[in-house]
Amino acid sequence: MKANAWLVENVLAAWRKPFQPRGGQEQFPRVVAPYKKYITVGNALASPHRWKLAGRWTTRPGETGAGMRVISVHSVGNKRELIPDDVCWPDYVSVLRTRS
């Protein structure tokens, strides 16, 4: 499956999952996928142990030490800001409906 088709399919499925917006960030729907990550020089400067890995790839997806990509599907990302107004929540996310 092509990456863009995989992304759209998985993000749309996660968007449809109901959740409680006030339940905490860790409960927000997300897509988690392992991947093979390249250790750049900038990434390797974090510690002496990381420096030994500079210019190398992590292990394959599914193996110990592989990179993990987490996509928070209800987050607007680092470059944008959502004003958390209670009025916007019904349009912004699917929420669990409760009976009174």
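The values are calculated or read from the model by the stated rules, or taken from the named source; none is laboratory data. Model, not experiment: these values are computed from the prediction. Glycine gets a Cβ as well: all are built from the backbone with ideal geometry, and neighbour counts include every protein chain shown. For accessibility, only protein heavy atoms count, side chains too; no ligands or nucleic acids. Shrake-Rupley method; radii C 1.70, N 1.55, O 1.52, S 1.80 Å.
Compute the length gained on full extension between ALA46 and ARG60: take 0.36 nm times their separation in residues and subtract their Cα-Cα distance, giving the result in nm to one decimal.
Residue separation times 0.36 nm, minus the Cα-Cα distance, leaves 2.9 nm.
Take the alpha carbon gyration tensor of region 1-76, find the square roots of its eigenvalues, order them as a ≥ b ≥ c, and report rounded if a/c is under 1.5; if not, report prolate when a/b exceeds b/c, else oblate.
prolate
Spelling out what I want: for every residue of region 37-48, take phi, set θ = phi - 60°, compute 6.51 cos²θ - 1.76 cosθ + 1.60 (Karplus), and round to whole Hz; glycine and proline get x.
Those phi angles translate into 10, 8, 8, 7, 4, x, 5, 6, 6, 5, 6, x Hz.
For LYS37, enumerate residues with amide H under 5 Å from its amide H, sequence gap 5+ or separate chain, H modeled in the peptide plane.
HN-HN under 5 Å from LYS37: THR58, GLY67.
Not counting ligands, DNA or RNA, and with a 1.4 Å probe, what is GLU9's accessible surface area in Å² rounded to the nearest 10?
110 Å²
Rounded to the nearest 0.05, what FRET efficiency do LYS79 and LEU53 give with R0 = 22 Å and r taken as the Cβ-Cβ distance? Could you check?
With R0 = 22 Å, the Cβ-Cβ based efficiency is 0.20.
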